[in-house]
Number of protein chains: 2
Amino acid sequence: MVAITKILNENPNKLISLNFFSERLNAAKSTLSEDIVIVRETFEKMQLGKVETVSGAAGGIKYIPDINTEDKKKFSNELCEVLKDKNRVVPGNFIYMTDLMYNPKIISRAGIILAAFFSDCPIDYVVTVETKGIPLAFEVAKNLGVELVIARRDNKVTEGPTVTINYVSGSSGRIQNMSLAKRSIKKGSTCIFIDDFMKAGGTALGIIDLLKEFDSKLLGIGVLVDNINVDKKLIHKYYSIVEFSGMDNNGDALLEPSKLFK
Amino acid sequence: MVAITKILNENPNKLISLNFFSERLNAAKSTLSEDIVIVRETFEKMQLGKVETVSGAAGGIKYIPDINTEDKKKFSNELCEVLKDKNRVVPGNFIYMTDLMYNPKIISRAGIILAAFFSDCPIDYVVTVETKGIPLAFEVAKNLGVELVIARRDNKVTEGPTVTINYVSGSSGRIQNMSLAKRSIKKGSTCIFIDDFMKAGGTALGIIDLLKEFDSKLLGIGVLVDNINVDKKLIHKYYSIVEFSGMDNNGDALLEPSKLFK
């Protein structure tokens, strides 16, 4: 059971055959089946996601990670408290959140939460733009069992031919570049976009444009913090963990858990 | 046992008290202790790392992840085979490895392998330079239970005051910038540097310089691929998974598992 739990936990959203377990663990399939039932029941009881069984010759089991609803609410509330710290306000009224975006403990939780929203979508890639959203996008990709793709702001000699588009960044208000190696996405793919913060959605529009160049489509967006002062009608499947609505007169950041976590 | 395995697996290198387990799982400490012994023995038998016990009031258990030696060798060999694919050679005789650096399945394994080399060092931060090494550095940080710090090539308005140094990049041969927010590293910290590829070590020298500005020290370096044609005497603790020694006359990349994995 320990080994099954470990293998499932390290291979989220991957179909693993009973043969793999039985060879790896040197165990009879009947014993394995019983143990898998216990693992599944424990995960369900603790609301840690689902263990699905796919029957047939090409079948096996698949673990779809999740976190229980109470823990999601707690996580979102704690994140708000941390972000409200006055020391986080940097010149220009931005909130410093780089340390959170690079904190494995926070980002692995956030990654499971965002991935769970998309677990029933047929997704080929998780896309992000360098730099701050990369660890979060990586965690979401891992939990969905797909590859990560990172658009860059400049071309690199080590990537071969690239496609570049221009977009208007919300935070700087300037026209910027976004590049992606031609070989990084297969034509006709479906993707989701993950980032740290969204204001007006200029970057997301850029991603939609960039994906068009690969005959590919954006299915959804997930961010850690959403600026809800700006109305965005980019895409139907849009999820955030924390909502930001500006600064009050005392210079305090107005932050609340997203509607889903209240 | 399922729940203990899951919690340990998600909190590598973190000391978790028996109280936490007993509250979370609503179980008696005596039962827990027995289950922990089984988890520890299974991990040891499968060579998946150590479960250490720290006794006393502030004690608990701590999981230090690892992978068994045979799997490390296999992983390193498979990586060489994948990288040898002729389609990976891009103009300028670089090897395209971006897809591997962003592949969660590959990078989570590589992250455990590199982290295991440093599991007995007192490390405060894992440092990298944007962009390609970020997911790997993030995984190493997660496995070591510490935070990640990413040096950027430009200053960002959202980061507050930054420290910038210049360094000579090995791959482009040009002088480049490397910036780090002043608040990102506490003075007097010890760090390791993780990256995708190392040629002459110019970037690593830049990191050493940058850390000096924070009165901090580089303890070790870990990369996925090391160019062994260039002699580097940067630092004692230097580890790689694959060794690259240039191209042969047929335009094939010369790649071998690092000495440790032969």
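Points to keep in mind about this one:
- The single condition among (1) over 24 Å from the mean Cα position of the chain (by Cα); (2) modelled with pLDDT of 95 or more that residue B:73 does not satisfy is (1).
- Single residue of A:55, A:76 found to be among the small types (Gly, Ala, Ser) and in contact with a Phe, Trp or Tyr (Cβ under 9 Å, 6 or more places away or on another chain): A:76
- Residue within segment B:94-112 that is farther than 21 Å from residue B:240 by Cβ, of a type outside the set (A, V, I, L, M, F, W, C) and either surrounded by fewer than 15 Cβ atoms within 10 Å (Cβ to Cβ) or touching a Pro at 6+ places or on another chain (Cβ under 7 Å) (or both) present: no
- Unmet criterion (only one of (1) in contact with a helix residue (DSSP H, G or I) (Cβ under 9 Å, 6 or more places away or on another chain); (2) modelled with pLDDT of 95 or more; (3) not aliphatic (A, V, I, L, M)) for residue B:59: (2)
- In segment B:7-42, residue surrounded by the most Cβ atoms within 10 Å (Cβ to Cβ) [restricted to those that are touching a helix residue (DSSP H, G or I) at 6+ places or on another chain (Cβ under 6 Å) and under 20 Å from residue A:47 (Cβ atoms)]: B:21
- Pairs where the first residue, in segment A:100-112, is facing chain B (nearest Cβ under 10 Å) and the second is surrounded by fewer than 21 Cβ atoms within 10 Å (Cβ to Cβ) and of a type in the set (S, T, N, Q), C-beta under 9 Å, 6+ apart: A:105/B:11
- So residue A:150, is it in contact with a Leu (Cβ under 9 Å, 6 or more places away or on another chain), free of Cβ contacts under 8 Å to residues at least 40 places away in the same chain and not small (Gly, Ala, Ser): yes
- Selection count where residues are free of Cβ contacts under 8 Å to residues at least 24 places away in the same chain, at the interface with chain A (Cβ under 9 Å from one of its Cβ atoms) and not aromatic (Phe, Trp, Tyr), scope segment B:85-99: 5
- Filtered by the rule that a residue be part of a loop (DSSP other than H, G, I, E, B) and acidic (Asp, Glu), segment B:116-145 gives B:120, B:124, B:130.
- Residue match in segment B:123-133 (condition: facing chain A (nearest Cβ under 7 Å) and surrounded by 18 or more Cβ atoms within 10 Å (Cβ to Cβ)): yes
- Taken together, the residues in segment B:74-106 that are β-branched (Val, Ile, Thr) and touching a Ser or Thr at 6+ places or on another chain (Cβ under 7 Å) amount to 2.
- Qualifying residue in segment B:196-208 (condition: in contact (Cβ under 8 Å) with a residue 24 or more places away in the chain, touching a helix residue (DSSP H, G or I) at 6+ places or on another chain (Cβ under 6 Å) and of a type in the set (Phe, Trp, Tyr)): no
- Among residues of segment B:159-179 being surrounded by fewer than 19 Cβ atoms within 10 Å (Cβ to Cβ) and within 9 Å of another protein chain (Cβ to nearest Cβ), the one that is nearest to residue B:126 (Cα to Cα) is B:161.
- Test: residue in segment A:14-21 that is at the interface with chain B (Cβ under 9 Å from one of its Cβ atoms) and within 25 Å of residue A:193 (Cα to Cα): yes
- Matching residues in segment B:205-228 - criterion: being surrounded by 23 or more Cβ atoms within 10 Å (Cβ to Cβ) and touching a Lys or Arg at 6+ places or on another chain (Cβ under 9 Å): B:211, B:221, B:222, B:226
- Flag if residue A:66 is closer than 26 Å to residue B:23 by Cβ, touching a Gly at 6+ places or on another chain (Cβ under 9 Å) and either at pLDDT below 90 or not β-branched (Val, Ile, Thr) (or both): yes
- Qualifying residue in segment A:53-60 (condition: facing chain B (nearest Cβ under 9 Å), at negative phi and in contact (Cβ under 8 Å) with a residue 12 or more places away in the chain): no
- Test: residue in segment B:41-50 that is acidic (Asp, Glu) and outside the structural domain of residue B:253 (by TED's automatic domain parsing): yes
- For segment A:107-121, a residue qualifies if it is hydrophobic (A, V, I, L, M, F, W, C) and either modelled with pLDDT of 95 or more or assigned by TED's automatic domain parsing to the domain that holds residue A:51 (or both), and the qualifying residues are A:107, A:110, A:112, A:113, A:114, A:115, A:116, A:117, A:118.
- Test: residue in segment A:63-82 that is of a type in the set (S, T, N, Q) and within 10 Å of chain B (Cβ to nearest Cβ): no
The values are calculated or read from the model by the stated rules, or taken from the named source; none is laboratory data. Since this is a predicted model, take the numbers as computed values, not measurements. A quick note on method: Cβ atoms are made from the backbone with ideal geometry, for glycine too, and the neighbour counts reach across all protein chains shown.
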